[in-house]
Amino acid sequence: MKTLITGAAGFIGSNFVHYLVSERPDWQVSALDVLTYAGNFENIASLVESGKVEFLKIDITDREAIEDLFKSEQFDIVFHFAAESHVDRSILGADAFVKTNVLGTQILIDAARAGKVERFMHISTDEVYGSLDSKGRFSENSPLNPSSAYSASKAGSDLLCLAAFKTHGFPVIVTRCTNNYGPYQFPEKLIPLFITNALEDRELPLYGDGMNVRSWLYVTDHCEALVKLAESGRVGEVYNIGGEEEAEVANLEVTRLILKELGKPEDLIKKVADRPGHDRRYALSCQKIREEVGWQPTISFADGLKRTIDWYLANSDWWKRIKSGEYLEYYKKNYGAREGKY
Ligand code: NAD
Ligand code: TDX
């Protein structure tokens with residue numbers, strides 16, 4: 001099986017590359033990434049250097065380069081992770097989100113269709129459904145109601161994939177997953193940001209009242225779901241992928257668990273001005289994937305959080321290198337104006 005993974009040097013993409021090499025050793029893996037601020041070649045360097053994985057530095061919005069790739073190599077499956085992925089950055093400026101997430105996805109669809117791929121796995125997000133209050137959960141049939149330019153651009157890309165199925169029979173599966181966490185996550189997202197800030201005895205900037213709820217899924221559980229769906233999911237369908245009810249946790253509680261595990265004081269928590277358009281709660285019904293492909297999460301939130309904290313403790317060189325240069329400029333832009341505003 002010849003497999004192309006886009007966004008392979010990012011958080012979920014790089015975990016997926018490691019997962020495939022270990023769980024499907026007979027698959028040939030090509031890892032594509034343009035290496036934006038969020039892409040880190042180091043995440044997959046050992047596999048590329050040992051010859052297990054081919055690395056392709058290509059921008060998915062470069063139509064000519066993407067078309068040439070699909071003409072020169074015959075891929076059976078594409079796992080499409082490449083995206084601009086951070087909500088706060090989409091609030092500061094949306095152009096890159098529209099370009100990569102919408103146009104980049106269409107360019108890949110066109111090239112993959114011409115290249116006659118057998119499966120195109122489009123990795124999307126629960127954020128396309130918008131926000132819930134304290135009750136209920138979204139199913140695959142819930143209407144799309146995104147709140148940020150990030151989630152609107154992901155919703156747009158989902159619709160382009162489903163349109164390509166209806167118009168051309170393009171063999172696509174759209175997956176919508178809840179919040180992932182685990183090793184190699186860029187320290188702009190809640191869990192790695194708060195672990196690394198706490199380790200540096202810096203404040204943890206909690207948005208609003210801290211009672212927004214996310215449903216957390218350990219990244220290897222997501223990887224397993226994607227492989228199972230590629231192997232036995234139905235094309236033209238959408239599948240939700242999510243954590244168990246015990247993994248639906250308010251941000252304040254996540255923050256307290258991190259501080260407790262690290263033995264750090266709660267006065268590091270600083271409530272700051274809220275994220276504009278901040279979705280209150282996400283929760284998914286995952287009956288479809290459970291019944292059709294027999295997948296369910298295997299790692300509890302308590303266990304996953306401990307593993308994640310241990311990884312950041314053991315890999316301080318990795319995150320300390322990231323938390324410099326461009327990162328510090330972004331941090332000032334996103335958090336500077338929030339100081340003391342809540
Ligand atoms: P990430 O930001 O860590 O990684 C994205 C990767 O895509 C980076 O390596 C980046 O260099 C690459 N990339 C960006 N623009 C590109 C371009 N134009 N051409 C080629 N490569 C490009 O993101 P992530 O958290 O790993 O998310 C991966 C995918 O999963 C995204 O599509 C995201 O919407 C989706 N998703 C993420 C989560 C989550 O909790 N992180 C949850 C559900 C769905
Ligand atoms: O500094 C912070 N303070 C804070 O209170 C940050 C970065 C976040 N938060 C809150 C906002 C959210 O309620 O924590 C929660 C999680 O925030 P993020 O880590 O930014 O994730 P979220 O906005 O929920 O989106 C994530 O899950 C769905 C990913 O970034 C998306 O790529 C994915 O689609």
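The values are calculated or read from the model by the stated rules, or taken from the named source; none is laboratory data. Predicted model, so just to flag it, every value in this text is computed and none were measured. Counting neighbours? That spans all protein chains shown, and the Cβs are built from the backbone with ideal geometry, glycine included. Protein only, heavy atoms only, side chains kept; ligands, DNA and RNA dropped before computing areas. Shrake-Rupley method; radii C 1.70, N 1.55, O 1.52, S 1.80 Å.
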Residues (under 27 Å from residue 127 (Cα atoms) and either touching a Lys or Arg at 6+ places or on another chain (Cβ under 7 Å) or surrounded by fewer than 17 Cβ atoms within 10 Å (Cβ to Cβ) (or both)) located in segment 59-77: 61, 62, 77
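Conditions tested, residue by residue: (1) among the aromatic types (Phe, Trp, Tyr); (2) within 23 Å of residue 145 (Cα to Cα); (3) open to solvent by 10 Å² or more (accessible area, probe 1.4 Å).
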residue	(1), (2), (3)
221	no, no, no
228	no, no, yes
278	no, yes, yes
286	no, yes, yes
Among the candidates 227, 213, 219, which residue alone is within 13 Å of ligand 1 (Cβ to nearest atom), within 29 Å of residue 295 (Cβ to Cβ), out of contact with any Ser or Thr (no Cβ under 7 Å at 6 or more places or on another chain) and of a type outside the set (Lys, Arg)? 219
Hey, any hits in segment 225-248 for a residue that's in a strand (DSSP E or B) and of a type in the set (Asp, Glu)? yes
Which one of these is open to solvent by less than 60 Å² (accessible area, probe 1.4 Å) and touching a Lys or Arg at 6+ places or on another chain (Cβ under 8 Å): 233, 336, 294? 294
Of everything in segment 236-248, what is among the charged types (D, E, K, R) and buried (at least 18 other Cβ atoms within 10 Å of the Cβ)? Give them in sequence order. 248
With touching a strand residue (DSSP E or B) at 6+ places or on another chain (Cβ under 7 Å) and either under 25 Å from residue 9 (Cβ atoms) or more than 14 Å from ligand 1 (Cβ to nearest atom) (or both) as the only criterion, which of 206, 193, 199 stands out? 206
Specify which of the listed residues (85, 90, 124, 142) is of a type outside the set (Asp, Glu), more than 18 Å from residue 66 (Cβ to Cβ) and away from ligand 2 (no atom under 12 Å from the Cβ). 142
Looking at segment 292-330 only, could you name the residues that are of a type in the set (Ser, Thr, Tyr), more than 20 Å from the chain's Cα centre (by Cα) and outside any loop (DSSP other than H, G, I, E, B)? 316
Failed item in (1) touching a Ser or Thr at 6+ places or on another chain (Cβ under 7 Å); (2) surrounded by 17 or more Cβ atoms within 10 Å (Cβ to Cβ); (3) closer than 21 Å to residue 218 by Cα, with residue 148 passing the rest: (3)
From the list 189, 166, 135, 154, pick out the single residue that is touching a helix residue (DSSP H, G or I) at 6+ places or on another chain (Cβ under 9 Å), basic (Lys, Arg) and open to solvent by 20 Å² or more (accessible area, probe 1.4 Å). 189
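Let's see how each residue does on (1) touching a Cys at 6+ places or on another chain (Cβ under 9 Å); (2) farther than 21 Å from residue 222 by Cα; (3) away from ligand 1 (no atom under 12 Å from the Cβ); (4) not β-branched (Val, Ile, Thr):
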site	(1), (2), (3), (4)
99	no, yes, no, yes
102	no, yes, no, no
119	no, no, yes, yes
130	no, no, yes, yes
